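Asks: What follows is a single structure, and I will ask about it in a moment.
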Amino acid sequence: MSKNTHIRIAAIVLFLGVLLGALGAHALKDLLAETGRTDNWETATYYHLIHGVALFIVALSPHRPLGFSFFLAGVILFSGSLYILAVTNITKFGAITPFGGVCFLIGWARWIFFRRLET
């Protein structure tokens, strides 16, 4: 993928993070309170936005393959499963969340172990 494609994907992820955060705070506020899943939505949004910023930084880096796909998969699996869990209250979606967390960890580990850091 080109640098521009990576940047666009990162921008879309961040756009959706802001949109979903606002949706949870306003349009879904009563539903999330009813299901008792407001914390799940907030956690999903928090990790979504943090890793959206990470995607953007990686997209701007000359080492963009390092971690990009794993961060993106992490947002989809981790945050996506929590968003669905929060809205549906179907707890089986919580079983997907750890796989997204592992993707986040692999993305960060790639930067720790596979990128030569300047000294």
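Here, each number is a calculation from the coordinates, and none is a lab measurement. Computed from a prediction, not measured in an experiment: that's the story for all the values here. Counting neighbours? That spans all protein chains shown, and the Cβs are built from the backbone with ideal geometry, glycine included.
Asks: Quick one: helix 97-113 against the long Cα principal axis of the chain, what's the angle to the nearest 10°, folded into 0 to 90?
Replies: Result, in degrees: 20.
Asks: Taking the chain as the reference, fit the longest principal axis to its C-alpha atoms, fit the long axis of helix 38-60 to the helix C-alpha atoms, and give the angle between the two in degrees, 0 to 90, nearest 10.
Replies: 20 degrees
Asks: Could you tell me which of Pro65, Leu20, His51 has its Cα farthest along the dipole of the chain towards the positive end, charges placed at Cβ (Lys, Arg +1; Asp, Glu -1), taken about the Cα centre?
Replies: After comparing all options, I get Pro65.
Asks: Got a sec to turn the phi values of region 18-23 into Karplus ³J(HN,Hα) couplings, 6.51 cos²θ - 1.76 cosθ + 1.60 with θ = phi - 60°, whole Hz, x for Gly and Pro?
Replies: 5, 4, 5, x, 5, 4
Asks: Size of the dipole of the chain about the Cα centre, Lys and Arg at +1 and Asp and Glu at -1 on the beta carbon, nothing else charged, in debye to 20?
Replies: 520 debye
Asks: Kirkwood Rh and Cα-based Rg: tell me the resulting Rg over Rh for region 3-113, rounded to two decimals. Intermediate results must be reported in sequence, preceding the final value.
Replies: Numbers: Rg = 14.3 Å, Rh = 14.1 Å.
Ratio of gyration radius to Kirkwood radius for region 3-113: 1.02.
Asks: Give, in nm to one decimal, the length gained when the segment between Val53 and Ala22 is fully stretched (0.36 nm per residue of separation minus the Cα-Cα distance). Don't skip to the end; give the middle numbers.
Replies: Working: separation 31, 0.36 × 31 = 11.16 nm, distance 1.75 nm.
Length difference between fully extended and current span is 9.4 nm.
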